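Taking it in order: structure first as structure tokens, then the write-up.
Taken together, the values in this text are just the output of simple stated rules run on the coordinates, not laboratory data. Keep in mind that what you see is a predicted model, and the values were worked out from it rather than measured. Counting neighbours? That spans all protein chains shown, and the Cβs are built from the backbone with ideal geometry, glycine included.
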Amino acid sequence: MYKHRGYFMNIIISNSSVEAIYVQIVHQIRKQILTGDLYEGEALPSIRSLARELQISVITTKHAYEELEREGMIETVRGKGSFVARQNKELLREKRRNILEGKLADVIQEARLLKITRKELQEMLDVLLEEV
Amino acid sequence: MDNIIEVKGLKKKYEGFSLQDISFNLKKGYIMGFIGPNGAGKTTTIKLLMNLLKKDGGEIKIFGQDNVRYEKSIKDRIGFVYDNSEFYDELNIRDVKRFVAPLYSRWDNKAFEEYIKTFNLPVKKKVKDFSKGMKMKLSLALALSHHAELLIMDEPTSGLDPVFRQEFLDIIQDFMDESKGVLFSSHITSDLDKIADYVTFINNGSIVLTSSKEEVMEKYGVVKGGKDDINDDLRQKLIGLHEGKFGFEALTSDVDSIRTRYKNLVVERPTMEDIMLYLVREGKGNV
């Protein structure tokens, strides 16, 4: 856990996960940006201090930050560090929509694998929409 | 000058063992694990780096300078951690300090006293009565107390209990910054691997691989499956194949193609230990 200006930025690394460690970091920071737990403009821990906190390689944390930069989630200013990128609300919503669509695509693939029909899937969704 | 250690074509011949063409670089700002089984040539390589042995060929540069020609000024900037207790057997910590401090231009007495306290080392006992772990802690305290820019550690975690090994990681990561470097050797894959940025793997006196740990971990996977899953195409992709009664296990560097072509096989993320084990097994098979 990395204490961050009052807010606790949580990053939990699982060694038994099938996901590479850098992917785990990307997912968790991205999630905290999208949910607004990390504000735009907020400074992220340096690559080295994050590596120290998590006891992992600096190459891994660097890789994670580079990935988040590519996604436009964070910005790195040379000599100053990395910050949550300023992004307008529309764009943010759009990005979250894309992520949601990606997840639905995964669901569809899984459904095809299990030979679940379109109708069955729609019914499942309806039931869940009532329940959750 | 980006590399803090540069080793090119290093050779050393003994009867019955030779280091052949050892080459690797360590960039400033990074930690490298030098791993391999017992007798692979790790300690020999480290002794050559420290000019405690005479090389038969090749080149070693530390801080960009030849390690023999500039031995004195280079060693002033290196913290060397190894089992060196035999030199100090009859001494206690105070005597050891009196002996070692003058060897370094930037000896820091305050730092040393701090480490002795944090490491809970007995001040009055003779070094020969120390446990193995205490000896290693003393060596570490000496190495960290003269503002070294490079730590070279030969099997530093041997003899250390799990609790201290954890603290050890913190100490090493606190030591690190953009201008420093750490090289440590290990024959068991240890907690230290967690913080290593690069790994160089040595077996039978030759380098098997040297690369960022990230790349190595992504390149390889452990494959498991039933015995009837093995065919000639698959066999070619497997490293260090072990066939048991109920199935097989192997390493592969073809993770993607195996995942797409052999859907019923299990492909797992490897540990450094897996990689070492299967590569050594493969090496034995080839001889």
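A few notes on this one:
- Whether segment A:89-131 is rounded, prolate or oblate, judged on the alpha carbon gyration tensor where a/c under 1.5 counts as rounded: oblate
- Lysines whose Cα lies under 23 Å from that of A:LYS103, excluding same-chain neighbours fewer than 8 positions away: A:LYS31, A:LYS89, A:LYS95, A:LYS115, A:LYS119, B:LYS263
- Remark on B:THR157: its backbone amide H falls under 5 Å from none of the residues 5 or more positions apart or on other chains, H modelled at 1.01 Å from N.
- Kirkwood hydrodynamic radius over Cα pairs of segment B:1-62, then Stokes diffusion coefficient at 20 °C and 1.002 mPa s, in µm²/s: 176 µm²/s
- Largest GNM mean-square fluctuation across A:ARG30, A:ARG112, A:ARG52, computed for chain A with C-alpha springs under 10 Å, falls on A:ARG112.
- Taking the charge dipole of chain A about its Cα centre, with +1 at Lys and Arg Cβ atoms and -1 at Asp and Glu Cβ atoms, the residue from A:SER49, A:GLN24, A:VAL132 reaching farthest to the positive side is A:SER49.
- Bins of 5 Å from zero: percent of alpha-carbon pairs in segment B:220-286: 4, 19, 33, 26, 15, 3
- Taking the C-alpha atoms of segment B:3-211, convex hull volume expressed per residue in Å³: 116 Å³
- Candidates B:GLN166, B:GLN20, B:GLN236, ranked by Gaussian network fluctuation over chain B, Cα under 10 Å, top entry: B:GLN236
- Residue-averaged [θ]222 nm for chain A, counting only DSSP H segments that reach four residues, each worth -39500 (n - 2.57): -18500 deg cm²/dmol
- Taking only the Cα atoms of the protein assembly as shown, the radius of gyration and Dmax are 25.5, 83 Å.
- Theoretical gain in end-to-end length, B:PHE99 to B:ALA111 [0.36 nm per residue, Cα-Cα removed]: 2.7 nm
- The trypsin sites (Lys or Arg not before Pro) of segment B:241-287 meeting both criteria, a DSSP state outside H, G, I, E and B (loop) and at most 16 other C-beta atoms within 10 angstrom of the site's C-beta, are B:LYS245, B:LYS263.
- Loop-located GluC sites (Glu not before Pro) in segment B:1-103 (DSSP state not H, G, I, E or B) with no more than 16 neighbouring Cβ atoms inside 10 Å: B:GLU15, B:GLU90.
- Residues listed by number, segment A:14-52, amide nitrogen under 12 Å from A:GLU94 label point at 7 Å toward C-beta: none
- Spacing of the modelled spin labels on B:PHE246 and A:LYS103, each 7 Å from Cα toward Cβ, amounts to 3.7 nm.
- Sparse packing (at most 15 other Cβ atoms within 10 Å of the Cβ) combined with a DSSP loop state is found for none of the trypsin sites (Lys or Arg not before Pro) in segment B:188-244.
- Take the Kirkwood radius over Cα pairs of chain A, plug it into Stokes-Einstein at 10 °C and 1.306 mPa s, and you get 95 µm²/s for translational diffusion.
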